1. What are the residue pairs meeting all of these: first residue in region 10-39, first residue in a loop (DSSP other than H, G, I, E, B), second residue at pLDDT 85 or above, Cβ atoms under 8 Å, and 6 or more apart or on different chains?
2. Quick check: is even one residue across region 69-85 part of a helix (DSSP H, G or I), of a type in the set (Ser, Thr, Tyr) and at pLDDT 90 or above?
3. Of everything in region 45-59, what is more than 17 Å from the chain's Cα centre (by Cα) and in a helix (DSSP H, G or I)? Give them in sequence order.
4. Working carefully through the options ALA54, ALA67, ALA36, ALA49, find the one that is touching a helix residue (DSSP H, G or I) at 6+ places or on another chain (Cβ under 8 Å) and under 30 Å from TRP24 (Cα atoms).
5. Determine which member of the set THR9, THR16, THR33 is loosely packed, with under 14 Cβ neighbours inside 10 Å, at pLDDT 90 or above and out of contact with any Lys or Arg (no Cβ under 9 Å at 6 or more places or on another chain).
Amino acid sequence: MATQQATRTETPQAETQPETQEKWQDCTSCRLTGAATLTGLGLYALHEARQQGAFAKVRPKGSPRGAPISAAIGVVFIGLGIGRLFV
């Protein structure tokens, strides 16, 4: 029986970039647009949660059970909007 030996070809490693190169950053208008969009989406989710009775002491009968989830999603999106602005 003839045995075949697998040959391993190694590719040369990619050249490393110099460490002095600056990180890519967004322009100011991109940050503002992204932050405004995410914050607006969060505010809309909070508004809808309020309309569904998420913040009422006694929720109305028949109100959707997803209202607290909508409120949590709204808070998360507002946090993402603030994070987008500063990070």
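The values are calculated or read from the model by the stated rules, or taken from the named source; none is laboratory data. Here the structure is a predicted model, which is why all the values come from computation and not from measurement. In this analysis, Cβ positions are derived from the backbone assuming ideal geometry, glycine residues included, and neighbour counts consider all displayed protein chains.
1. That search, which allows pairs on different chains as well, returns ASP26/GLY34.
2. Among the residues of region 69-85, not one is part of a helix (DSSP H, G or I), of a type in the set (Ser, Thr, Tyr) and at pLDDT 90 or above, which makes the answer no.
3. Hits for region 45-59 are LEU46, HIS47, GLU48, ALA49, ARG50, GLN51.
4. Sole residue among the options that is touching a helix residue (DSSP H, G or I) at 6+ places or on another chain (Cβ under 8 Å) and under 30 Å from TRP24 (Cα atoms): ALA36.
5. Sole residue among the options that is loosely packed, with under 14 Cβ neighbours inside 10 Å, at pLDDT 90 or above and out of contact with any Lys or Arg (no Cβ under 9 Å at 6 or more places or on another chain): THR33.
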